[in-house]
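Accompanying notes for the structure given below.
The values are calculated or read from the model by the stated rules, or taken from the named source; none is laboratory data. Keep in mind that what you see is a predicted model, and the values were worked out from it rather than measured. Cβ sites come from the backbone with ideal geometry, for glycine too, and all protein chains shown count toward neighbours.
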Amino acid sequence: MRLFAALVPPDDVLDELAQAIAPHVGQVPGLRWPARDTWHITLGFFGEVPERVLPDLETRIERAVRRHPAPNLTFDRFGAFSSPRRARVLWAGVTGDPMTRLADSVRAAARRAGATQTDEKRFHPHLTLARAKTETDLRPLVESLSGFSGSPWQADRVRLVRSHMGAQVRYESLAEWALAPAGQG
Ligand code: 3AM
């Protein structure tokens, strides 16, 4: 099964993002906009994981999550990978408490449980809002979204998600664990 771990922002914070992008959704040729109920900030992508390791993987990730304090975050910009000029992914970015240790720890937990395809690229926390099949110049879009600043929020839990591939990718939430209260870490 294809798995990843993610943070899911609260509804009112997602409302702000939805409002900001609303005038642009469907307006840019080649851009596909995943449904809002799929929005998340990926902490670690684990690739294909054998079903038999799931119980151990859940135990280990839960242990990792419980050790890290809930980060305080704010969506404060839009950007694109790999750049606005040659974009494949339009994203909303967060600033706030660093999450690299949490992401490293969650990925390490998955690897120890036997997730051999875990992504080890540098962690760039972001919420993907749109994808393009080919590199697309999104400079005008990113420019028109500049100046955005959302409300602060606390990411208090981590979700383990199964990704069902197909014409339309479907995400299934398998488990959710609370982070430690902010200030303990
Ligand atoms: O957080 P986002 O939506 O940008 O791009 C995929 C998505 O990221 C990423 O995992 C998240 C949940 O599907 N993903 C998919 N395949 C990947 C891979 N082989 C990958 N990340 C790294 N390596």
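Is it fair to say Leu43 is touching a His at 6+ places or on another chain (Cβ under 8 Å) and over 21 Å from Val142 (Cβ atoms)? Can you show your working first?
Details: touching a His at 6+ places or on another chain (Cβ under 8 Å): no; over 21 Å from Val142 (Cβ atoms): yes.
So Leu43 fails the test.
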Requested in this report: Residue by residue through the range 115-163, note down the ones that are part of a strand (DSSP E or B) and either loosely packed, with under 12 Cβ neighbours inside 10 Å or free of Cβ contacts under 8 Å to residues at least 24 places away in the same chain (or both).
Outcome: Lys133, Thr134
Query raised in the report: Are any of the residues in the range 164-178 over 19 Å from Pro10 (Cβ atoms), of a type in the set (A, V, I, L, M, F, W, C), within 14 Å of the ligand (Cβ to nearest atom) and at pLDDT 95 or above?
Result: yes
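Please go through the range 49-69 and pick out each residue that is part of a helix (DSSP H, G or I), touching a helix residue (DSSP H, G or I) at 6+ places or on another chain (Cβ under 6 Å) and surrounded by 17 or more Cβ atoms within 10 Å (Cβ to Cβ).
From the range 49-69, those part of a helix (DSSP H, G or I) are 51-67; that's our starting set.
Those left that are additionally touching a helix residue (DSSP H, G or I) at 6+ places or on another chain (Cβ under 6 Å): 53, 56-57, 60-61, 64.
Val53, Leu57, Arg60, Ile61, Ala64, listed by residue number.
Report, by residue number, each residue of the range 70-89 that is in contact (Cβ under 8 Å) with a residue 60 or more places away in the chain, buried (at least 19 other Cβ atoms within 10 Å of the Cβ) and within 30 Å of Thr136 (Cα to Cα). Give the derivation first.
Residues of the range 70-89 that are in contact (Cβ under 8 Å) with a residue 60 or more places away in the chain, as a first pass: 70-80.
When the remaining residues are screened for being buried (at least 19 other Cβ atoms within 10 Å of the Cβ), the result is 70-71, 73, 75, 78, 80.
Selection gives Leu73, Phe75, Phe78, Ala80.
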Query raised in the report: Taking the range 92-114 on its own, how many of its residues are out of contact with any Leu (no Cβ under 6 Å at 6 or more places or on another chain) and assigned to a strand (DSSP E or B)?
Result: 2
